[in-house]
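Data first, discussion second: the structure below is written as structure tokens.
The values are calculated or read from the model by the stated rules, or taken from the named source; none is laboratory data. Predicted model only: the values in this text are computed from it and were never measured. Neighbour counts are summed over all protein chains in view; Cβ atoms, including those assigned to glycine, are modelled from backbone coordinates with ideal geometry. Note: accessible area is taken over every heavy atom of the protein model, side chains too, but ligands, DNA and RNA are not part of it. Shrake-Rupley method; radii C 1.70, N 1.55, O 1.52, S 1.80 Å.
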Amino acid sequence: MKPAPFDYVAPTTIDAACALLAEAGGGALVLAGGQTLMPLLALRMSQPFIVVDINRIDALKGVTRVEGGTRIGPVTRQNDIITDTILAEALPGLVTATQHVGHHQTRDRGTVGGSIAFGEPAAELPAAAVALGATIEARSIRGTRRIAADALYLGPYATALEPDELVTAIHFPDWPAGTITLFREVARRPGDFALVGLIGAFAVTGGRIARVGIAWFGMGPTPIRARQAEAALRGQPAAGLDARGVAALAVADTAPFDDHHATAEYRRTVGERIFSRALAEASVLF
Amino acid sequence: MSEHHIAVTINGRLHQATVEGRQVLGDFLRVTAGLTGLHLGCEHGVCGACTIIVDGKAVRACLMLAAQADGTSITTVEGLAAPDGTLHPVQQALRDAHGLQCGFCTPGIVMTLAALMQAPAPATEETLLAAMSGHICRCTGYQGIRRAIRALTARPPGEPA
Ligand code: FES
Ligand code: FES
């Protein structure tokens, strides 16, 4: 259980990190919190030539308010998200989701950007980024671009990020005051990846659902946005929602699979139940 | 394969060494620094046996590279008890409550609890128990560990709830 040999570099600027990634021509991996990458290296499932450690780049850390939203540096530790005062106000749903990531000891090192960029389909933060409408800022020596979280995930652990691109920020848009975020996760033990999970944000104005974002995790090869359910809810009166009907629509967009943890059928059944219950509970608050 | 000169403060003493880029921090601490109180179980982040304190935070030593520890301050289980041998309150509580049997998982559990007891946020029974999800103990059935946590977070008599 020792990693295969590699060159280790720890640049202190974003430019230096991008130059290293460009030079490596796809043979490099970025090391953020390491809570996923280090096991992959130890098991030799990953054998990069170069590991680019971004933990010494201060410009990649911290939470700041920007015009219309909140910018999170990718190397912000998950436990720092949980205690952040800006996020407690602006993105309580993200804070709740982060409380379910791994264990206290892994959140002390694990980062927001690492989790979002890795794209584990049963992880909380990629789904939170999709549901809350985040965009991912990626930089390479070729330039900077922004990718909607919605368009980031292509398959299990496969993202639209190019091998020479570094995530330099995650932007979460503001949601209206009074937005309600629902978070539900079913796992065998605390800290495990979800068997089934969902996160949904609902903004109600004048008695109607003005804005909604819902994403599943553990329900397919990527985090999955519940588009049909979102469309059915958008603009509807918040009172008297057909929670069961909407839950059935939400599950219709998923593509769960059988594995040794649970069957696809189990995931669909439980997903529908937790969604309809959560929506019924939330409608009291709308 | 790259090599790196590192300087790390371990249990209050500065250690300098040259390490391979791929060397894991847990191996460095056990093999090079000789701190075999640190236990490596799974070596891939699942069991929690290797938990140590790095710059005040409880982290898994198998999920960091030695090169990443350059400039940090580390505490292992060897650094907890007082020089005269008086146990750290966490160690004493686990001992009193029979919170260990074979002791393989214990150094990790001790370090998590010690980190949380010294953190700025107050350690409650709830937060300490929740952090135990990060440890696997094959012997105790966890009840002795729970009792130790209850003893650690019990309010002294007379203090308001
Ligand atoms: S040895 Fe590090 S978590 Fe098991
Ligand atoms: S005391 Fe033996 S594993 Fe915990």
Segment A:28-124, convex hull of Cα, quarter of hull surface, nm² -> 6.7
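Treating the beta-carbon of each Lys and Arg as +1 and of each Asp and Glu as -1, no other charges, what is the dipole magnitude of the protein assembly as shown about its Cα centre, to the nearest 20 debye? Display every interim value, and only then the final one.
Numbers: 37 positive and 40 negative charges, 165 e Å.
The dipole magnitude comes to about 800 debye.
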Computing the accessible area with a 1.4 Å probe over protein heavy atoms, can you report the carbon and sulfur percentage for chain B?
52
Each label sits 7 Å from Cα toward the beta-carbon; between B:ARG147 and B:CYS102 the label points are separated, in nm, by 2.1
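So, for chain A, what is the accessible surface per residue at a probe of 1.4 Å, expressed in square angstrom? Working shown, then result.
Details: 11790 Å² over 286 residues.
Each residue of chain A exposes 41 Å² on average to a 1.4 Å probe.
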Sketch the reach of a paramagnetic label on A:ARG44 as a point 7 Å from Cα along Cα-to-Cβ, and name the residues of segment A:5-23 whose backbone nitrogen lies under 20 Å away.
A:5-8
Run through all the Cα pairs of the protein assembly as shown and give the fraction in each 20 Å bin from 0, expressed as whole percent.
24, 54, 21, 1
Pick from A:GLY102, A:GLY207, A:GLY93: which residue has the top mean-square fluctuation in a GNM of chain A where Cα pairs under 10 Å get a spring?
A:GLY207
Of all alpha-carbon pairs in chain B, indicate the percentage at a distance above 24 angstrom.
34
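Between rounded, prolate and oblate, where does segment A:129-168 land on the alpha carbon gyration tensor, with a ≥ b ≥ c its root eigenvalues, rounded for a/c under 1.5, else prolate if a/b exceeds b/c? Numbers along the way, then the final one.
Working: a/c = 2.86, a/b = 1.39, b/c = 2.06.
Because a/c hits 1.5 or more and a/b fails to exceed b/c, segment A:129-168 counts as oblate.
Provide the packing ranking of B:21-31, A:128-138, A:255-265, i.e. peptides ordered by the mean count of other C-beta atoms within 10 Å per residue, highest first. Could the numbers behind the result be given before it?
Values: B:21-31: 22.4, A:128-138: 25.2, A:255-265: 13.5.
With the highest mean Cβ count within 10 Å placed first, the list reads A:128-138, B:21-31, A:255-265.
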Report the Cα centroid-to-centroid distance between segment B:93-139 and segment A:175-227 in angstrom, as an integer.
32
Ignoring ligands, DNA and RNA, what percent of the 1.4 Å accessible area of segment A:61-173 is carbon and sulfur?
52
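How much accessible area per residue does segment B:3-76 have, in Å², with a 1.4 Å probe? Could the numbers behind the result be given before it?
Values: 2570 Å² over 74 residues.
About 35 Å² of surface per residue is accessible.
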Cα radius of gyration and Dmax for segment A:180-283 (Å):
13.4, 46
Buried accessible area for the A:B pair, summed, 1.4 Å probe, in Å² rounded to 100?
2400
Estimated FRET transfer efficiency when R0 is 35 angstrom, pair B:VAL31-A:ARG273 (beta carbons, to 0.05):
0.10
With everything on Cα atoms, drop me the angle between helix B:106-118 and the longest principal axis of chain B, reported from 0 to 90° to the nearest 10.
70
Kindly identify segment B:89-153 as rounded, prolate or oblate by the Cα gyration tensor criterion: order the square roots of the eigenvalues as a ≥ b ≥ c, call it rounded if a/c is under 1.5, otherwise compare a/b with b/c, prolate if a/b is larger, else oblate.
prolate
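Carbon and sulfur together cover what percent of the accessible area of segment A:7-53 at a 1.4 Å probe radius? If you can, show how the numbers build up before the last one.
On the way: 1120 of 1960 Å².
Its accessible area is 57 percent carbon and sulfur atoms.
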Ignore the peptide's own chain and count Cβ atoms of other chains within 10 Å of each Cβ in B:52-62; give me the average, rounded.
4
How much length is gained if the chain between A:ARG227 and A:MET1 is pulled fully straight, taking 0.36 nm per residue apart and subtracting their Cα-Cα distance, in nm to one decimal?
77.1 nm
